[in-house]
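Coordinate-derived values only; no laboratory data. A quick note: this is a predicted structure, and the numbers were derived from the prediction, not measured. A quick note on method: Cβ atoms are made from the backbone with ideal geometry, for glycine too, and the neighbour counts reach across all protein chains shown.
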Amino acid sequence: MPIKPLQAVAVLLAVGILCLSLTGCAKRPRSAGEIRESANNAYARGDYEKALAEWEAYAEVHPVPLASDLGRGKTLLALERPNDAIIPLERVYRDDPMNEEKLQLLIQALYSANEHERLITLLRDRTRQPGTVEEYLRLGQYAEQIGDPDEAERALLAAARVDRGLSIEPQLKLAEFYHGRGNTEKALERFAMALWFDYTNLQVGDRIRALGETPGRTFVRVPKEAVEEGILAPDAAPPEPPSMRR
């Protein structure tokens, strides 16, 4: 008996439904882009286990060096697995060492994993390419945090030398360092140099008062690095504070 048109349609629908229910034949594999997007979305909503699984799936379908390292490294840090995060984050950092985000992530991983020697080596290396004020300050900060005051002092003094006594931050960092080490004399000396940039600075003035001295125009000292560089005379008058400029 020939099959009527309506019967034929019904048969085709039944076959299609059976195919979907038994084999999932209509479900296509996800693309690498879709997996990457899913990983990023999971990370954004704080589902780090899901994000990590997605990054691992992404690496399988898109096995290109560095493709998943940044995402995996960030996710492993979020999962408090810094030791596992170091290798992928080292790879992305070496590929793009001038990228501040990648540097900070690697620093975080090394610091959290207590890989202090590797961290200091990394930060020392950055002061050589070439050494900027910011790189020396960063080295000083982490050296102090891990309990290496000698390294911290050398780095902070180097920051002040590279700066040539032209900005307040290295002077403040040195003052705070010496204050934290209980060296009141050196702390006051550097606070006085910091005050040279603005002798009405209330924050610096409060720190000086807390150490038993009276801040003001007569208390300031010319930054020694500016004197050593011949930029300023030892008795140079401080600049007019911003609040007094017209």
The chain: calculated mean residue ellipticity at 222 nm from DSSP helix runs of at least 4, using -39500 (n - 2.57): -20500 deg cm²/dmol
Working from the alpha-carbon coordinates of region 164-240, get Rg over Rh, Rh being the Kirkwood radius. 0.94
Karplus-derived HN-Hα couplings along region 227-243 (A = 6.51, B = -1.76, C = 1.60, θ = phi - 60°), whole Hz, x at Gly and Pro: 5, 4, 7, x, 7, 10, 7, x, 10, 4, 6, x, x, 5, x, x, 5
Using the Karplus curve 6.51 cos²θ - 1.76 cosθ + 1.60 with θ = phi - 60°, work out ³J(HN,Hα) for each residue of region 60-69 in order, rounded to whole Hz, and write x for Gly and Pro. 6, 8, 9, x, 9, x, 6, 4, 10, 4
Shape descriptor, the chain: equivalent ellipsoid semi-axes (Cα gyration tensor, sqrt 5λ, whole Å, largest first) stand at 62, 20, 15
What is the packing order of peptides 148-155, 219-226, taking the mean over residues of other C-beta atoms within 10 Å and listing the highest first? 219-226, 148-155
Take each of the peptides 208-215, 38-45, average the number of other beta-carbon atoms within 10 Å over its residues, and list them starting from the highest. 38-45, 208-215
Can you return the lysines within cross-link range of Lys102? Criterion is Cα-Cα under 26 Å, with same-chain partners fewer than 8 residues away left out. Lys50, Lys74, Lys173
What dipole magnitude, in Debye to the nearest 20, does the chain give about its Cα centre under +1 on Lys/Arg Cβ and -1 on Asp/Glu Cβ? 840
Please list 3J(HN,Hα) in residue order for region 93-105, calculated via the Karplus relation 6.51 cos²θ - 1.76 cosθ + 1.60 where θ = phi - 60°; whole Hz, with x for glycine and proline. 5, 5, 6, 8, x, 8, 7, 5, 4, 5, 5, 4, 5
Applying a 10 Å radius around every beta-carbon, put 102-111, 227-236 in order of their mean neighbour count, most first. 102-111, 227-236
